[in-house]
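*Asks:* Supplied in structure tokens, the structure appears directly below.
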Amino acid sequence: MDYLEARALMERHLLDASMRKHSLASGAVLRALARRLGKDEEKWAVAGVLHDLDYEKAGKDGQMDKHGLLTVEMLEPYGLSEDVLDAIKAHNAENLGVERKTDLDLALTCGETVTGLVVATALVYPDKKLASVKPKSITKRMKQTAFARSVNRDHIRLCEKLDIPLSEFADLALNAMREISDDLGL
């Protein structure tokens, strides 16, 4: 499955505009991480776009212990590689009792999580645009636990297990999301 097919599939399953934007942002960050790490950009972007495919069902029904597993079931007919499916499960490792083992597992978890912090940071700027945000503002807000309280800072810090310092990761994520700012409305 290529990125455009993954995006179309995501748009069929996720009706909420915020979830769609989160998925697109995650795909952009994962593509940038793959580029930085010398991995398959298309594959990683697909993982980012599809990782929350079941969220509206699992989240609305309070079934976070199934979030990721349902996505993998939904993706069975599409023949995605095992490492992508494992990473989709691993981004919800704590609820599923699985372990993050690969670079893709770590990247999907930190990459999809940082999108929430980047968006929250942009929204405190007067123009609410990614173009105004500085990477330092993102790292500063990492320390402010009351800011974007639901964003798991430990998940974001998994970037360091990929040998990417937090400041570099903030810059990478911000720039990746700026590239699709029109899609994100930011």
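Just so you know, all these numbers are worked out from the coordinates, no wet-lab data involved. Bear in mind that the values here come from a model prediction, so they are computed numbers and not experimental data. Cβ: placed from backbone, ideal geometry, glycine included. Neighbour counts: every protein chain shown.
*Asks:* Run the helix sum for the chain: -39,500 (n - 2.57) per DSSP H stretch of 4+ residues, divided by residue count, reported at 222 nm to the nearest 500 deg cm²/dmol. Show your work: numbers first, answer last.
*Replies:* Values: 12 runs with 118 residues, N = 186.
That calculation yields -18500 deg cm²/dmol at 222 nm.
*Asks:* Quick check: convex hull over the Cα atoms of segment 3-181, volume per residue in Å³, rounded to an integer? Working shown, then result.
*Replies:* Working: hull volume 19.7 nm³, N = 179.
About 110 Å³ per residue, rounded to a whole number.
*Asks:* DSSP loop (so not H, G, I, E, B), at most 15 other Cβ within 10 Å: list which trypsin sites (Lys or Arg not before Pro) in segment 71-171 pass both filters. Walk me through the numbers on the way to the answer.
*Replies:* Details: sites: 89, 100, 101, 128, 129, 136, 140, 141, 143, 149, 153, 157, 161; in loops: 100, 101, 128, 129, 143, 149.
Qualifying residues, ordered by number: 101, 128, 129, 143, 149.
*Asks:* Using θ = phi - 60° and the Karplus form 6.51 cos²θ - 1.76 cosθ + 1.60, what ³J(HN,Hα) does each residue of segment 74-85 get, whole Hz, x for Gly and Pro?
*Replies:* 3J(HN,Hα) across segment 74-85, in whole Hz: 4, 8, 3, x, 9, x, 5, 5, 4, 5, 5, 5.
*Asks:* May I ask for the net charge around residue 72, where only other residues with Cβ less than 9 Å from the Cβ of residue 72 are counted and Lys, Arg are +1 while Asp, Glu are -1? Please report the intermediate quantities before stating the final value.
*Replies:* Values: positive: 89; negative: 54, 73, 76, 86.
Here the count lands on -3.
*Asks:* For the chain, modelled as a GNM with alpha-carbon contacts under 10 angstrom, which of 166, 106, 33 fluctuates the most?
*Replies:* 166
*Asks:* Starting from the 7 Å offset along Cα-to-Cβ, what nm value, one decimal, do you get for the label separation of residue 140 and residue 81?
*Replies:* A separation of 4.0 nm, rounded to one decimal place.
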